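The structure appears below as structure tokens.
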């Protein structure tokens with residue numbers, strides 16, 4: 001039992017760290033770090049990013065090139081308002097510590113929050129019921145602190161033929177299914193597609209364009225959550241009209 005637990009913890013650590021030799025991500029391991037991406041304008045939309053995983057910024061060295069910058073830009077373009085995207089993302093943050101990581105500042109000044117689980121979170125749970133229990137507890141903790149809409153970002157699906165990736169892929173799909181189920185059962189909770197990534201292929205490592213695509217997937221549920229559009233009522237926000 002102890003050996004199995006050590007192996008699982010080591011796998012999670014490797015999954016979180018080994019983003020195929022990527023540059024050091026622009027967040028810290030220790031303590032809360034608040035970073036803001038701002039598009040100046042009237043009546044700004046305020047969006048909170050927290051959690052870990054795809055929001056950490058693997059493959060880039062500045063927050064403007066992670067999901068924050070392009071998300072702020074495309075929300076501003078779609079709404080015609082100013083935007084503040086505040087990141088309280090932490091490297092390798094467990095789901096059980098996500099709400100506590102928000103600190104005393106809380107969420108009262110935000111219109112919506114977007115959370116992403118750490119890479120390897122699916123390895124924490126031996127079956128779907130364990131995942132449900134974990135996600136349900138997280139949602140209950142969040143609702144005890146905040147009434148704002150919440151978007152759950154899926155874990156990106158790992159691609160490739162490496163045996164570890166092949167074994168992880170169905171577990172990630174199962175975990176994302178649980179996120180969808182729990183979002184449907186909760187009030188003002190939505191999900192966003194996390195896309196895919198290649199965990200062991202440096203030639204396909206995340207970069208600024210990968211984070212831009214992630215922002216494009218996250219924007220529709222954020223816009224829906226703040227009452228600006230209906231699901232599916234969305235085109236590429238960077239396209240010229």
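We did not get these values from a lab; they are worked out from the coordinates using the rules stated. Small disclaimer: the values here were computed from a predicted structure and weren't measured.
Observations on the structure shown:
- Reciprocal mean inverse distance between Cα atoms of region 77-183 - Kirkwood radius, Å: 15.3 Å
- For region 35-159, averaging the sequence separation of C-alpha pairs within contact (under 8 Å, six or more residues apart) and dividing by the residue count gives a relative contact order of 32 percent.
- Region 177-216: proportion of alpha-carbon pairs further apart than 11 angstrom, %: 69 percent
- Length-normalised contact order of region 81-240 in % [C-alpha pairs under 8 Å, at least 6 apart]: 21 percent
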